[in-house]
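The values are calculated or read from the model by the stated rules, or taken from the named source; none is laboratory data. These numbers were taken from a predicted model, which means no experiment stands behind them. Glycine also receives a Cβ, built like all others from the backbone with ideal geometry; neighbour counts cover every protein chain displayed.
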Amino acid sequence: MEGKDGKEENMAAWLLGIENLKIQPIVLPPLGPHDVKVGIKALGICGSDVHHFKTMRCANFIVKKPMVLGHECAGVIEEVGSEVKSLKVGDRVALEAGISCRQCNLCKEGRYNLCPQMKFFGSPPTNGALANKVVHPAYLCFKLPENVSLEEGAMCEPLSVGVHACRRANVSPDTNILIIGAGPIGLITLLAARAFGAPRIVIVDVDDCRLSIAKSLGADKTVIASTNIEDIGIEVEQVQQAMGTGIDVSFDCVGLNKTMSTALNATRSGGKVCLIGLAQTQTTVPLTPAAAREVDVIGIFRYRNTWPLCIEMLRTGKIDLKPLITHRFGFSQKELEEAFETSAHGGNCIKVMFNL
């Protein structure tokens, strides 16, 4: 689309209200000396994007003014700043979505994902990357090898969540793992845990379709669960029976009272529970009996320092994310609306990908 001056306008997907998305122009910031301009070619819809689309909020992040969505992205370098030496025009890159301040104590400790000044694509009030072009710091753009596609590059963002969780939980070849939730992040955590060497993985969900996908991706056993909190006792027994030995680490990829309680009860004494999903802003769980068994509870928030490892896992074939991309759409108003409704519907949809 051309502007009044004849130049091509940069268009983006603006969230204007609940279930109200419109493709409208966005003005790019000036290109700084350490920045690059990236033509976005592939972008995946995340669960947080769907939450924003449906409710104008995700956990404690509330959309208060029109905002561009999207943060799982990859593209091609179109312009480089005067001080950028590591990238050149034409390079294919995956973009890390968050810009930290690099000055606070958390940033200096290397825990930049916890930076209180973080500016994260598509997280209020920062505009996202579902646009024709974005300007981004060069150090947050990672060159893709020839055998890694732009779609896979975009998938480095959700893969980073699984990789960071496995690092936090110290997953290794002697770690038996329970995953609660077979949505996109649960399935990605399954693939990441296997790549980290986990020998046995059991996955739980309320949806048979999702569990069959998990089985096809390499889960050793699957357990169907209910939404009834009174069923925790019997489901814990089923999960432990499916594992056949102690559960060393449980990943809760949902974040409900029931799922977290299941994880705490199922994990062996001395094991770990890692909370990834944040379906509830607060959870009420039986922490005292778990603490008495020295079950460690850890949380994760996004990721840090993961892109090089994710890209290497994709390059070597240690992880194959391609089966997770189930639906593809172009970047028109009609397809934009269809893509978000498809992602929100769930079912056999795992990852919706825009090809721009």
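Considering Gly246, Gly233, which residue is modelled with pLDDT of 95 or more, under 19 Å from Ile298 (Cβ atoms), out of contact with any Asp or Glu (no Cβ under 6 Å at 6 or more places or on another chain) and surrounded by fewer than 20 Cβ atoms within 10 Å (Cβ to Cβ)?
Gly246
Taking the listed residues Asp320, Asp296, the one that is among the charged types (D, E, K, R) and over 21 Å from Arg210 (Cα atoms) is Asp296, with no other qualifying.
Scan region 164-175 for residues that are of a type in the set (Gly, Ala, Ser) and surrounded by fewer than 24 Cβ atoms within 10 Å (Cβ to Cβ) and the total you get is 1.
A quick yes/no check of all residues on (1) β-branched (Val, Ile, Thr); (2) in the same structural domain as Leu264 (by TED's automatic domain parsing); (3) without any contact (Cβ under 8 Å) to a residue 24 or more places away in the chain; (4) closer than 19 Å to Val254 by Cα:
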{"position": "Asp174", "(1), (2), (3), (4)": "no, yes, no, no"}
{"position": "Ala182", "(1), (2), (3), (4)": "no, yes, no, yes"}
{"position": "Leu190", "(1), (2), (3), (4)": "no, yes, no, yes"}
{"position": "Val202", "(1), (2), (3), (4)": "yes, yes, no, yes"}
{"position": "Asp208", "(1), (2), (3), (4)": "no, yes, yes, yes"}
{"position": "Ser212", "(1), (2), (3), (4)": "no, yes, yes, yes"}
{"position": "Lys221", "(1), (2), (3), (4)": "no, yes, yes, yes"}
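Considering the conditions (1) of a type outside the set (Ser, Thr, Tyr); (2) surrounded by fewer than 24 Cβ atoms within 10 Å (Cβ to Cβ); (3) closer than 30 Å to Asp207 by Cβ; (4) not assigned by TED's automatic domain parsing to the domain that holds Glu335, Leu178 is excluded by exactly one of them, (2).
How do the strands (runs of 3 or more DSSP E) wholly within region 69-163 filter down when requiring 3 or more residues that are surrounded by 22 or more Cβ atoms within 10 Å (Cβ to Cβ): which remain?
On the way: elements: 72-80, 92-95, 133-137, 141-143.
Correct list: 72-80, 92-95.
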